[in-house]
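Engineer: Please find one structure pasted underneath; my questions will follow.
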Amino acid sequence: MFIEMKVLPYLYCLVPLVAASLAFMPQVRAVPPPFNPSPQKTAIMREAVKRINLSIEQKLAEKKIPYNETLNDYLFVRRIYVDLSGTIPTYEQVISFVRNRDPYKRTRLINYLLASEGYVSHLYNYLANLLRIQSQMPGSNLRSDPFIAWLKDSIHQDKPYNRIVYEMISASGRLHDNPAVGYHLRDVDMKLDHVSFMSKIFLAKDISCAQCHDHPFEEWTQMDYYSLASFLGGLETKGKATSPDKKKKGKKPGSTPSDEVKETMQEFLKSRNFELAIAKKENLSFTRDKEKVKEKAKQFRDAFDRLMNDNRYNVHDKEDAIMKLPDDYQYDDAKPGEEVKPRVLVGAEPKFPRNLSNREQLAQWIASPNNQWFALTIANRMWARFFGLGAAEPLHDVEVDDAPNPVLLKTITEVMIALDFDLRAFSWVLAHTNSYNRLATRKLITEKDDYFFPGPTLRRMTAEQVWDSFVTLLVEDPLRYRSAPSLTLQNITSAETAISFTESLTKSSGKGKMKSQGEFLLLDSQTGETVLQGGKDMASSSGDPAVQRVTSGRGKEKLILARASELEQPTPQGHFLRKFGQSERTYVAGASNLSGSVPQIMELMNGFATEALINQDSLIFRKMKDERSPTKRAEIVFLSVLNRLANPAEQKLLRKTLLKSDDDDMADLIWALLNTPEFFFIK
């Protein structure tokens, strides 16, 4: 335990010594660890590339289909940045890569991107869509910021995917106790639907029809559905938890691993040293302003007590709870209202340790390396991220026998297991395959077509990739503005974090019954200063927009230039991201929209993001400021926006149109390239 009662006096003595500017500064996430797999894992990765190549080449030979043309450096650097970091590369990054003569430069770039903050941001966007994460828990006054921060930190720590899933499904407690419970709180009072989402996301099995009746076209029965749901029969998301074993020594009924921290916090908040710290923070005299200090301290204490006594959202398992069939059950294998015993959906029934709860058994079975369907599902989803289609489609309802290349599907499943569900290592493998390093297939391929991967399919960037690319074109450091890591009891390791945690509980947003505890907080990672808090608008937005990163357009319009992973989840209606198809985080299948639309055209023609980009103070213009040659300035624009040089036909056209080197011509060129299909597609 981070803080123990015996160290409490020492904790107290620390408080008055901490400078206010440091004690209350929200922390920001550190840089991800380097991508440096062990020699054993590296050998597995290299062998995996060979196995995948062989499985594809054998099928291509059988079908007499050649590989697509090999990617040149310009196409590769654009594709790998978009796929691994979620954004197009900068002008400097393109030039540096193309001019590099190192024969292993592609591998070195892949390693670099896998260890970048952009990788964490991009993978978070994908998992957030998959898990339907919303900043405001649907139908509640609860913000999911702790869960969002936990997921980002899990990616940052390179936590294996099966471990992430196990922790989410087995998690118990309140959101500030154990942020992983946010997974279950996403579907409060929707237990049966929760099971349906779970089977699509983790098992690639769509059993939703079987919730009401036997599936008309598949093997799933209503009994199958309720047998799987029975693992969650005791799951409760509200109310007070009771201990399943009240006889254990040293354990109080309903205790959690955070109880010692809670007790320590309560003692700390009662102390005189806590009031001294408040006076220091508020720049008050402890003697002259004693009443103000006591009033503020009382607010903090009351907020903490309210949180500790709040059982509205408390994930736990109700002792002796059972799952029953619905009253309208109409099949001969059981009677309506009859108890249903837990049973896994696919594969042999595993043997679980006796001391595991039903929900822990479910978590162990789903995330087990022995569960081939779990490994197949995430391997196939990751394949689709890099290649545009899964090795088997649809992703949420896979039939192995219908896969165009069953050997490929089996191979990537085995590779995922061999790599211990390390998504970074798996991404490395996919990025090194022969198929990935080929031009995209230009003809339309749908999930109903048999596709054998002579190269990836032609993919349109997601809304998040388009937005993050705009931000990359506008600012020096796209990840400078970060959403504040939400403090939880697990983070309390010192007096400073104890005070910051309590202070965060006093902030709220909204009105009446929907008043939310906590607020969205956007920080400047370089200074620690708050850029945006809650729903408040910025009081001022003057100066250089590319530097300030919160820009002001015509009238009162504002635009926060932070990456999609650091904004509200999802962004409000009308935001650039929503216009370009960002998921509402309601469904699993078809949640994001990659189709073009009139609002997208209007946004590109005269939206504020485009306006900011063609402004003479934008980053792209500042890169051209020392250039006088129209040809060189046009080259900077092409390499920045499309990440390639102009072809001969384009160069001829540019010589005719760019008679001068004025900024209006360059703004027109930027606008024109942003509005081309090439900007939005990954070739």
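The values are calculated or read from the model by the stated rules, or taken from the named source; none is laboratory data. The structure presented is a predicted model; accordingly, all values stated were derived computationally and were not measured. So basically every Cβ, Gly included, is an ideal-geometry build from the backbone, and we count neighbours across all protein chains shown.
Engineer: Only one residue in GLN330, GLN299, GLN361 is modelled with pLDDT under 85 and of a type in the set (S, T, N, Q), so which one is that?
Structural biologist: Numbers: GLN330 fails: modelled with pLDDT under 85; GLN361 fails: modelled with pLDDT under 85.
Being modelled with pLDDT under 85 and of a type in the set (S, T, N, Q) holds for just one of GLN330, GLN299, GLN361, which is GLN299.
Engineer: Another question, then. Please tell me if THR446 is in contact with a Lys or Arg (Cβ under 8 Å, 6 or more places away or on another chain) and hydroxyl-bearing (Ser, Thr, Tyr). Let's see the steps before the verdict.
Structural biologist: Details: in contact with a Lys or Arg (Cβ under 8 Å, 6 or more places away or on another chain): no; hydroxyl-bearing (Ser, Thr, Tyr): yes.
Taking the combined requirement at face value, the residue does not satisfy it.
Engineer: Condition check: closer than 30 Å to GLU519 by Cβ and modelled with pLDDT of 95 or more. Does TYR91 satisfy that? Steps first, answer last, please.
Structural biologist: Details: closer than 30 Å to GLU519 by Cβ: no; modelled with pLDDT of 95 or more: yes.
Here the answer is no, as TYR91 does not meet what is asked.
Engineer: Among the residues of the stretch 641-672, count how many are part of a helix (DSSP H, G or I) and touching a Ser or Thr at 6+ places or on another chain (Cβ under 9 Å).
Structural biologist: Qualifying residue count, the stretch 641-672: 9.
Engineer: One residue is enough: does the stretch 621-632 have a residue meeting the conditions over 27 Å from ASN72 (Cα atoms), among the hydrophobic types (A, V, I, L, M, F, W, C) and in contact with a strand residue (DSSP E or B) (Cβ under 8 Å, 6 or more places away or on another chain)?
Structural biologist: no
Engineer: Right, next: Which members of the stretch 269-313 meet the condition of being among the basic types (Lys, Arg), assigned to a helix (DSSP H, G or I) and farther than 27 Å from PRO179 by Cα?
Structural biologist: The first filter runs over the stretch 269-313 and keeps only residues among the basic types (Lys, Arg), leaving 270, 272, 280-281, 288, 290, 292, 294, 296, 298, 301, 306, 312.
If we keep only those that are assigned to a helix (DSSP H, G or I) as well, we get 270, 272, 280-281, 290, 292, 294, 296, 298, 301, 306.
Correct list: ARG272, LYS280, LYS281, LYS290, LYS292, LYS294, LYS296.
Engineer: Starting from residues that are over 34 Å from the mean Cα position of the chain (by Cα), free of Cβ contacts under 8 Å to residues at least 60 places away in the same chain and assigned to a loop (DSSP other than H, G, I, E, B), keep the ones in the stretch 331-349 and report whichever is surrounded by the fewest Cβ atoms within 10 Å (Cβ to Cβ). Outline the logic, then answer.
Structural biologist: First, the residues of the stretch 331-349 that are over 34 Å from the mean Cα position of the chain (by Cα): 331-341.
Subset that is free of Cβ contacts under 8 Å to residues at least 60 places away in the same chain: 332, 335-339.
Now restrict to residues that are assigned to a loop (DSSP other than H, G, I, E, B): 332, 335-338.
Working: ASP332: 5, LYS335: 9, PRO336: 12, GLY337: 10, GLU338: 12.
This residue is ASP332.
Engineer: If the requirement is being of a type outside the set (Ser, Thr, Tyr) and more than 21 Å from ALA379 (Cβ to Cβ), which of these qualifies: LEU123, LEU109? Spell out the reasoning first.
Structural biologist: Values: LEU123 fails: more than 21 Å from ALA379 (Cβ to Cβ).
Answer to the selection: LEU109.
Engineer: Would you mind telling me which numbered condition in (1) in a strand (DSSP E or B); (2) of a type outside the set (Val, Ile, Thr); (3) within 18 Å of ILE499 (Cα to Cα) HIS316 fails?
Structural biologist: Here HIS316 meets the rest and fails (3).
Engineer: What do you reckon, is MET137 surrounded by 20 or more Cβ atoms within 10 Å (Cβ to Cβ) and not aromatic (Phe, Trp, Tyr)? Talk me through it step by step, then tell me what you get.
Structural biologist: On the way: surrounded by 20 or more Cβ atoms within 10 Å (Cβ to Cβ): yes; not aromatic (Phe, Trp, Tyr): yes.
Yes.
Engineer: Check whether at least one residue in the stretch 460-476 is at pLDDT 95 or above, of a type outside the set (Gly, Ala, Ser) and assigned to a loop (DSSP other than H, G, I, E, B), and report yes or no.
Structural biologist: Scanning the stretch 460-476 turns up at least one residue that is at pLDDT 95 or above, of a type outside the set (Gly, Ala, Ser) and assigned to a loop (DSSP other than H, G, I, E, B).
Engineer: Which residue, of THR446, THR413, is more than 30 Å from LEU613 (Cα to Cα) and not in a loop (DSSP other than H, G, I, E, B)? Full working, then the answer.
Structural biologist: On the way: THR446 fails: not in a loop (DSSP other than H, G, I, E, B).
Only one candidate qualifies: THR413.
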